[in-house]
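Notes for the one structure printed next.
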Amino acid sequence: MSSKTVRLFQSTRFKKFLLILLLFATVFLVFDLVIMPWYVDHGATQQVPSVIGIRDDAAWKLLDSAGFEPVRAETRPDPKAPAGTVVAQNPGPDALVKHGRRVYLSISGGEIMVEAPKLRGLSSRDARFALERSGLRLGPITYAPSDTYFQNTIMDQSVPPGTKVTKGEAIGITISRGGVAKSKSAPDLTGKTVSEAEKILAAEGLKVGKITYQTGFNLIPNTIIDQFPRPGDQVQHGSALDLFVAKLTANKQAED
């Protein structure tokens with residue numbers, strides 16, 4: 001083999017060596033500058049920022065800018081947190097998780113609202129049960145006369161029926177003392193029997209008082225001959241009228 005051939009062979013081997021060396025360097029650079037950073041970033045962890053107590057829209061922006069994916073998990077009543085604010089998150093604040101992790105948020109729906117029940121016409125005892133079933137409480141009790149509602153029944157309530165109120169709120173009631181005392185003319189009961197008089201008086205909201213029997217030859221037995229107060233006198237509702245009733249004389253009974 002001539003020296004020229006040897007030199008050519010050695011030159012070719014050198015070129016191959018340089019090519020392999022260049023290829024190795026290229027692979028190393030790609031691995032070091034591209035593959036390794038991607039692998040490190042892909043498995044990296046970071047702290048989840050706390051979004052509890054802030055508005056849901058602000059929480060969304062904060063988590064998104066930090067590289068996380070916010071997800072609304074639920075909306076639940078919370079009397080201590082304003083409606084629309086975050087009350088819980090999962091993962092929790094400062095938890096170390098992978099970049100891009102989903103963060104589930106629980107949003108406050110505010111205080112629980114219920115409808116005020118209808119209490120008019122009920123007794124205070126029944127009203128208390130009705131309020132408790134609705135998650136409410138019986139509030140202050142006042143009394144007032146009424147010609148519409150029976151005595152000891154509820155004639156008014158502090159919150160109209162059907163109104164939305166906060167659960168646990170107290171509702172006051174007004175209880176009827178019964179009809180307002182009104183004066184009226186006493187009916188004429190003369191000539192009536194006691195049983196007839198009782199019916200007439202009951203219809204007028206009055207009642208029979210003291211009964212006194214009197215004897216006389218010209219009187220029809222067992223009929224009312226006089227009364228007090230007199231017919232036409234003004235009397236109050238529920239007043240009693242005293243009656244004077246005829247009675248047979250002893251002589252008349254003997255003749256019969």
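Of the residues in the stretch 139-154, how many are closer than 22 Å to residue 236 by Cβ and not in a loop (DSSP other than H, G, I, E, B)?
The qualifying residues number 2.
I'd like to know if the stretch 228-247 contains one or more residues that are of a type in the set (D, E, K, R) and at pLDDT below 90.
Within the stretch 228-247, the subset of a type in the set (D, E, K, R) is 230, 233, 242, 247.
Subsequent filtering for residues that are at pLDDT below 90 retains 247.
The answer is yes, given that some residue of the stretch 228-247 is of a type in the set (D, E, K, R) and at pLDDT below 90.
Okay, residues lined up against (1) assigned to a loop (DSSP other than H, G, I, E, B); (2) more than 30 Å from residue 111 (Cα to Cα); (3) free of Cβ contacts under 8 Å to residues at least 60 places away in the same chain; (4) among the β-branched types (Val, Ile, Thr):
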| residue | (1), (2), (3), (4) |
| --- | --- |
| 131 | no, no, yes, no |
| 165 | no, no, yes, yes |
| 187 | yes, yes, yes, no |
| 226 | no, yes, yes, no |
Could you check the stretch 169-185 and list, in sequence order, the residues that are at pLDDT 90 or above and not in a strand (DSSP E or B)? 169
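Against the condition in contact with a strand residue (DSSP E or B) (Cβ under 8 Å, 6 or more places away or on another chain) and exposed (fewer than 14 other Cβ atoms within 10 Å of the Cβ), how does residue 70 come out, does it pass?
Values: in contact with a strand residue (DSSP E or B) (Cβ under 8 Å, 6 or more places away or on another chain): yes; exposed (fewer than 14 other Cβ atoms within 10 Å of the Cβ): no.
Against the criterion (in contact with a strand residue (DSSP E or B) (Cβ under 8 Å, 6 or more places away or on another chain) and exposed (fewer than 14 other Cβ atoms within 10 Å of the Cβ)), residue 70 does not qualify.
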Within the stretch 101-115, can you find the residues that are charged (D, E, K, R), surrounded by fewer than 16 Cβ atoms within 10 Å (Cβ to Cβ) and under 10 Å from the mean Cα position of the chain (by Cα)? 115
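Residues that are among the charged types (D, E, K, R) and closer than 30 Å to residue 227 by Cβ: does the stretch 135-158 have at least one? Walk me through it before giving the result.
Looking only at the stretch 135-158, we keep the residues that are among the charged types (D, E, K, R), and these are 137, 147, 156.
So of that shortlist, the ones also closer than 30 Å to residue 227 by Cβ come out as 147.
The answer is yes, given that some residue of the stretch 135-158 is among the charged types (D, E, K, R) and closer than 30 Å to residue 227 by Cβ.
Within the stretch 131-140, does at least one residue satisfy the condition of being over 28 Å from residue 79 (Cα atoms) and modelled with pLDDT under 95? Before you say what the answer is, go through the steps one by one.
Looking only at the stretch 131-140, we keep the residues that are over 28 Å from residue 79 (Cα atoms), and these are none.
Within the stretch 131-140, not a single residue is over 28 Å from residue 79 (Cα atoms) and modelled with pLDDT under 95.
Taking the options 201, 189, name whichever one is modelled with pLDDT of 95 or more, over 26 Å from residue 143 (Cβ atoms) and not assigned by TED's automatic domain parsing to the domain that holds residue 139. If you could, list the steps in order and put the result at the bottom.
On the way: 201 fails: modelled with pLDDT of 95 or more.
On inspection, the qualifying residue turns out to be 189.
Pick out, from the stretch 41-109, the strands (runs of 3 or more DSSP E) lying fully within it that include 3 or more residues that are over 29 Å from residue 166 (Cβ atoms).
45-47, 69-76, 96-98
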Quick count over the stretch 194-224, residues being surrounded by 13 or more Cβ atoms within 10 Å (Cβ to Cβ) and without any contact (Cβ under 8 Å) to a residue 24 or more places away in the chain, is 4
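When the residues of the stretch 110-129 are filtered to those that are part of a loop (DSSP other than H, G, I, E, B) and small (Gly, Ala, Ser), which remaining residue is modelled with the lowest pLDDT? Show your work before the answer.
Quick first cut of the stretch 110-129, residues part of a loop (DSSP other than H, G, I, E, B) only: 110-112, 116-123.
Still in the list and also small (Gly, Ala, Ser): 110, 116, 121, 123.
Numbers: 110: 85, 116: 95, 121: 92, 123: 92.
The selected residue is 110.
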Which residue pairs have Cβ atoms under 9 Å apart, sit 6 or more places apart or on different chains, and have a first residue in the stretch 48-74 that is within 9 Å of residue 103 (Cβ to Cβ) and a second that is of a type in the set (Asp, Glu) and outside any loop (DSSP other than H, G, I, E, B)? 63/69; 70/56; 70/64
State the number of residues belonging to the stretch 165-189 that are exposed (fewer than 14 other Cβ atoms within 10 Å of the Cβ) and within 20 Å of residue 226 (Cβ to Cβ). 2
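The values are calculated or read from the model by the stated rules, or taken from the named source; none is laboratory data. On a predicted model such as this, the values are computed, not experimentally measured, just so you know. All Cβ positions, even for glycine, are placed from backbone atoms using ideal geometry, and neighbour counts span all protein chains on display.
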